[in-house]
Amino acid sequence: MQSTLRKDLGMLVRGEVIVFDEERETDLLMDYALFEVRRHGERVIQHFIRKNPPEGEIDELIYQAFKNSFISVFQIEEINSQALILQDLMVPERRLRLVDFGLNATAEPGLILYTRLLPFPRFVITSGWGFVVDADERKGEILAEYIQILSNSPRRKQVAQAILFFRKLARPFAASPALL
């Protein structure tokens, strides 16, 4: 795992200790370990879901959100007291209602956001990490470079390469604790 982190996410590993630049990087590490790292051909989150069947309707909703989670580049279009309205810049017809009280209090319309979203029937939440870019005027340039990263990287390494790109370009945000 340590060599994966060092190579994929650019995190410093000293012996058995992972050295974080910021405490918030633990959220990124946990997300990456759950959703991107594979053991025996299966992602950790997939293994968990397979081994632990849902015990009720709420568990089923959460499991579906895990299964349907996705990473993309979004632009914050609007902020109201209940949610942020996001435009997916990779899938322009997709507009989403993000519920995140911390980001709701600090974000501004026009910011670009790179994160993993977990979709629920009427809203989405982040998985706990993300990068914010205050670069509305550079949106086209950022998207072009992001698309180039995706097209030049093997499928299994696309998320890691994109994370490295956004780590250099953006500032991390602290998402609110999950509403779950």
Go over the candidates ARG171, ARG167 one by one and state the one that is closer than 22 Å to LEU98 by Cβ, touching a Phe, Trp or Tyr at 6+ places or on another chain (Cβ under 9 Å) and loosely packed, with under 15 Cβ neighbours inside 10 Å. ARG171
A careful count of residues in the stretch 135-173 that are over 16 Å from the mean Cα position of the chain (by Cα), part of a helix (DSSP H, G or I) and free of Cβ contacts under 8 Å to residues at least 60 places away in the same chain gives 12
May I ask you to list pairs of residues, at least six apart or on different chains, whose Cβ atoms are under 9 Å apart, with the first in the stretch 42-66 being modelled with pLDDT of 95 or more and the second being of a type in the set (Val, Ile, Thr) and part of a strand (DSSP E or B)? ALA65/VAL124; ALA65/ILE125
Result of the Cβ filter at 7 Å on the stretch 117-130, keeping first residues that are under 18 Å from VAL159 (Cβ atoms) and touching a residue at least 60 places away in the same chain (Cβ under 8 Å) and partners that are crowded, with 23+ Cβ neighbours inside 10 Å and not hydrophobic (A, V, I, L, M, F, W, C), at least 6 apart or interchain, is TRP129/THR115
Considering the stretch 49-82, residues that are assigned to a helix (DSSP H, G or I) and among the hydrophobic types (A, V, I, L, M, F, W, C), and then whichever is farthest from PHE101 (Cα to Cα), we arrive at ILE49
May I ask you to list the residues in the stretch 38-88 that are over 30 Å from ALA107 (Cα atoms) and among the β-branched types (Val, Ile, Thr)? VAL44, ILE49
Those residues of the stretch 101-119 which are assigned to a helix (DSSP H, G or I), within 24 Å of LEU143 (Cβ to Cβ) and of a type in the set (A, V, I, L, M, F, W, C), in sequence order: LEU103
Qualifying residue in the stretch 120-132 (condition: over 26 Å from GLN46 (Cβ atoms), assigned to a helix (DSSP H, G or I) and in contact with a Leu (Cβ under 9 Å, 6 or more places away or on another chain)): no
Subset of the stretch 76-86 (residues that are surrounded by 18 or more Cβ atoms within 10 Å (Cβ to Cβ) and either in contact with a strand residue (DSSP E or B) (Cβ under 6 Å, 6 or more places away or on another chain) or polar (S, T, N, Q) (or both)): ILE76, ALA83, LEU84, LEU86
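The values are calculated or read from the model by the stated rules, or taken from the named source; none is laboratory data. Please read all numbers here as calculations on a predicted model, not as lab measurements. Neighbour counts are summed over all protein chains in view; Cβ atoms, including those assigned to glycine, are modelled from backbone coordinates with ideal geometry.
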